[in-house]
Amino acid sequence: MMVDPGPHIESLRLLDRIKGVSWYTVLGEGFVRQLGGSDRLRGEMSAHSDIVFHSYRNGLIIRAGAVPELGGRGLPPPQPYVTVNRMIKPVRLQDTGNLHPYLAPGIGFTEETTAQWYARFDEKPLPPVDAGQACPRSGCWFSSAQFGSRRHFDEGELMPAFNHIKSKKTQWFWAGMPS
């Protein structure tokens, strides 16, 4: 009898990464530390009542939503999963490889569809926002119209213009969540 080492070799890529988000996402202590600690994660998600944290001896369990959601083609991904995915993305596997490396061609996942599967809860990039428009999402934004302009805006807050630039020419770009 021979043992195929392929699956074991593939699993090595998960020593310092996780596959992604599910209804319940379990993070070991090391991943919780890499993400800034339990208090930071809980604080970041405090506005999301559908995200529940459970501590356990070796880390943190995160529940995304009251019940599991399947989603489907053509439907937007379940928002609780998207929210948790945004939080854990720094420790999520990026070099995904192939979920089914031993199937005949044309059956199962390819490297491309595997990457798409792991990224299924990723948010699409936010488009630039013109000065005078409402901020579409709380977080850090910057404008190339002024050096050092990066700052936090709350959702709904009006994006400012700069005196030396016509307001229709000032655009703000998403820089992400504050770290």
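Okay, here's what the table says:
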{"item": "Tally of residues being surrounded by 15 or more Cβ atoms within 10 Å (Cβ to Cβ) and without any contact (Cβ under 8 Å) to a residue 24 or more places away in the chain across segment 43-56", "result": "1"}
{"item": "Residue match in segment 131-142 (condition: hydroxyl-bearing (S, T, Y), under 25 Å from P77 (Cβ atoms) and in a loop (DSSP other than H, G, I, E, B))", "result": "yes"}
{"item": "Residue check, A64 over 20 Å from A119 (Cα atoms) and either at pLDDT below 90 or touching an Asp or Glu at 6+ places or on another chain (Cβ under 9 Å) (or both)", "result": "no"}
{"item": "D122, sole failed condition from (1) surrounded by 11 or more Cβ atoms within 10 Å (Cβ to Cβ); (2) part of a helix (DSSP H, G or I)", "result": "(2)"}
{"item": "V67 exposed (fewer than 14 other Cβ atoms within 10 Å of the Cβ) and either farther than 19 Å from D16 by Cβ or assigned by TED's automatic domain parsing to the domain that holds G36 (or both)", "result": "yes"}
{"item": "Contacts under 7 angstrom Cβ, first residue in segment 105-132 being over 25 Å from K169 (Cβ atoms), partner among the β-branched types (V, I, T), 6 or more apart", "result": "T114/T96; A115/T96; Y118/T96; F121/V21; F121/V82; E123/V82"}
{"item": "Within segment 104-119, considering residues that are surrounded by 12 or more Cβ atoms within 10 Å (Cβ to Cβ) and assigned to a loop (DSSP other than H, G, I, E, B), the one farthest from the chain's Cα centre (by Cα)", "result": "G108"}
{"item": "Residue match in segment 82-103 (condition: assigned to a strand (DSSP E or B) and in contact (Cβ under 8 Å) with a residue 40 or more places away in the chain)", "result": "yes"}
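The values are calculated or read from the model by the stated rules, or taken from the named source; none is laboratory data. Quick caveat, the model's predicted, so the values are computed rather than measured. Glycine also receives a Cβ, built like all others from the backbone with ideal geometry; neighbour counts cover every protein chain displayed.
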